[in-house]
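Have a look at the structure below before the remarks.
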Amino acid sequence: MLENQVYQFLTEQGFQCIPDEFCGKATVTVSLRISDHVVKLLLVMEDRFLSLPEFLLLEPSKIGKLAHVNIASTEDTEYGVICVNAPESVSVNFDQPLLLIKDSLERHIALLKSVITNSEWNERELLREFYSNWLFLCNKEQKPLLINFSQPILQRVDVYEPLEKVPYGLHSYYVAHPSDSEISNLSEMHFAIKKSKRKVAGKAVVIPIDDLTPAPNSNEQIEEWYLNTINSLPDATLRQLREQFGQWRNKHYWLVFTAITVDKDRAWFAIKLDCENKKTLPLSSSKLNEWRLTPICVRVFNQENVVQRGGGSTSLADKKVAVVGIGSVGGEIVHKLAAAGIRHLNLIDQETYQIDNLYRHMLPQAYIDLPKSMGMAYQCHAQFPWSDARCSVESLIEFSENPHLGSYDLIIVAIGNPTQERLFKQHLLDQCVEVTTLNCWLEGYGIGGHAVLDVSGAKGCLLCAYVDLVNGCRGLQSNLNFIEANQDVMKSIAGCGNQFISYGAASSAQTAVMASSLAIRYLEGKKTDSCKVSWKGDNDDAQAENIKLTHRYYHFKESLKKLPLFNEDCDVCNH
């Protein structure tokens, strides 16, 4: 039996332990002394350990409130669940269970020594882990309260009921939503509140806390924690709470608390108060008798939390970017820029979305026959709640007449038309428009893709990528290309009217990711010089079609590496 092996092994390693049983399962209990406390750690045996074995702390209340230890009970036995690592974050050696158990035990002991012997660190960690500890008190079966607040100030908002018989989506949550929200009118959150005629379930009061105390150990301590928190509020806040929000009566209140924990991190959490009859908000122990207090999990639905949690940056929110060409590459670029947190996107394309586009464009079937720019703008608003994407149905040449080109932080051109792209560059030069551009294009047959970042005022420009490397003059084809010029690379299924360049969604997505990553680095100020970047694919499809490839393709070994753009023979850069 494994428990006997564990008992013998740990005893040989110098630990004091005994085999036992807990809830019908075999266990091994390890006893040790930390400071003035006798600590008992219980390991419940498993047939096979596929994650870090979990030791439970017995009688944790005798030691005091400890960070990273959540108290629970089973069959009247109190124990502490110790968080030493996220279970999936550690790669374990399941073939050596005894060594794995010893490693886990040492991790548990090291953590307990820190929280028991270092009170200052323990207090700091209790605040850092406040939200996690609060979640431990909440009913796991109950969905969190969605809140959409941008400012942690004392305020009152309506709480909307979820729709009946809707098990998923934003319609299935209680939502606290202020009237001055910056969320897009086309976002799902807006429709979930304004268009579905939800009933108001009650009121939510947001209460900022200056001095946060650790979360209570159990639900039985919620009332005490609540009263202590209310009584510790500044006099001005407490007076405003009583005068402005404590006069109306209701059966249900959601008190949403917010406070800075550690390292300027902000926690949001809530208590729901329920009463049989309508009463005023209870702000003292004498008025709390008829109320039931329930800890509630809160999911913050504001720009700062949602964007950063998704890997985006709020520092990009005010950047203004134009994307010309909303095809398979441009559409992906728009999606990546919006996901990065860029709100102000101007999408430009004169073409409509067709059935032929379905298998390499990210727009769904619902947008067929709609202008691509309009469909992609709608898609941005639907997925990214704070998007301010706009659209324009026009070509690059028509867009060039826009008198406000210089107002953009970046113009991305993804039309795959070198003639129009060079003409647009020449227009910027002739009109002395100072604006950074990024041109990107995809070559057929999965052979590769390219992006050119032309930073305004920096050395190197788009036309450097059009210098003929043989004669040093400006050419008509990019010197980055992997397919030789003057070849028929188009394919046709039903004659001339249905010609197309052969490439798949993976190739367009790879080009878009490469280009959008470069664009984001520039907008973040991490890339300040003009550069070029290419990715190189396999050549088997091109060879099957007898497509000739360039000298650069066969000798190119710097995929996705950002290379200097400047060419000393460029007639613009050396003018």
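Taken together, the values in this text are just the output of simple stated rules run on the coordinates, not laboratory data. Everything quoted here is computed from the prediction, not taken from an experiment. Neighbour counts are summed over all protein chains in view; Cβ atoms, including those assigned to glycine, are modelled from backbone coordinates with ideal geometry.
Backbone phi angles across the stretch 122-129, fed through the Karplus curve with coefficients 6.51, -1.76 and 1.60 (θ = phi - 60°), yield HN-Hα couplings of 4, 5, 5, 5, 4, 6, 4, 9 Hz in residue order; Gly and Pro are listed as x.
Between Leu50 and Asp20, what FRET efficiency follows from the Cβ-Cβ distance if R0 is 25 Å, with the result rounded to 0.05? After rounding to 0.05, the efficiency reads 0.60.
Can you tell me the FRET efficiency between Lys197 and Glu398 if r is taken as the Cβ-Cβ distance and R0 is 45 Å, rounded to the nearest 0.05? Mind dumping the intermediate values first?
Numbers: r = 42 Å, r/R0 = 0.94.
Step by step, r from the Cβ atoms, then E = 0.60.
Farthest toward the dipole's positive end in the chain, which of Ala340, Cys391, Ser328, given Cβ charges of +1 (Lys, Arg) and -1 (Asp, Glu) about the Cα centre? The residue sitting farthest along the positive end of the dipole is Cys391. Show me the GluC sites (Glu not before Pro) within the stretch 72-152 that DSSP assigns to loop and that have at most 12 other Cβ atoms within 10 Å of their Cβ. Counting only loop positions with at most 12 other Cβ atoms within 10 Å, the GluC sites (Glu not before Pro) in the stretch 72-152 are Glu75, Glu141. From helices alone, the chain scores -7500 deg cm²/dmol at 222 nm; the rule is -39500 (n - 2.57) for each run of n ≥ 4 DSSP H residues, then divide by the residue total.
Are there trypsin sites (Lys or Arg not before Pro) in the stretch 234-288 that DSSP puts in a loop and that have at most 16 other Cβ atoms within 10 Å, and which ones?
On the way: sites: Arg239, Arg242, Arg249, Lys251, Lys264, Arg266, Lys272, Lys278, Lys279, Lys287; in loops: Lys264.
Answer by residue number: Lys264.
Placing a pseudo-label 7 Å from each Cα along the Cα-to-Cβ vector at Gln247 and Ser284 gives an inter-label distance of 1.8 nm.
Taking the DSSP beta bridges with both ends in the chain, the antiparallel portion is around 75 percent. How would the chain be classified by its alpha-carbon gyration tensor: rounded, prolate or oblate, with rounded meaning a/c under 1.5 and the a/b versus b/c comparison settling the rest? Note, shape of the chain comes out prolate.
Cross-link reach is defined here as a Cα-Cα straight distance under 20 Å, omitting same-chain residues fewer than 8 places apart; for Lys425 the aspartates and glutamates meeting it are Asp349, Glu394, Glu398, Glu401, Asp409, Glu434, Asp454, Asp468, Asp529, Glu568, Asp569, Asp571. Report note on the peptides 397-406, 224-233, 512-521: ranked by the mean count of other C-beta atoms within 10 Å, highest first, their order is 512-521, 224-233, 397-406. Principal axis analysis of the Cα atoms in the stretch 411-551 yields extents of 45, 32, 31 Å, listed in decreasing size. Taking the square roots of 5 times each eigenvalue of the Cα gyration tensor of the stretch 440-488, largest first, gives ellipsoid semi-axes of 21, 15, 7 Å. Given +1 at the Cβ of Lys and Arg, -1 at the Cβ of Asp and Glu and no other charges, the dipole of the chain around its Cα centre is 1240 debye to the nearest 20. For the stretch 237-295, the set of chymotrypsin sites (Phe, Trp or Tyr not before Pro) satisfying both a DSSP loop assignment and a count of at most 14 other C-beta atoms within 10 Å is given as Trp248.
For the stretch 426-575, the residue among Gly457, Ser559, Gln487 whose Cα projects farthest onto the positive side of the dipole built from Cβ charges is Ser559.
Per the Cauchy relation, a quarter of the hull surface: what is the mean projected area of the convex hull of the alpha carbons in the stretch 184-299, in nm²?
Values: hull surface 36.4 nm².
Result: 9.1 nm².
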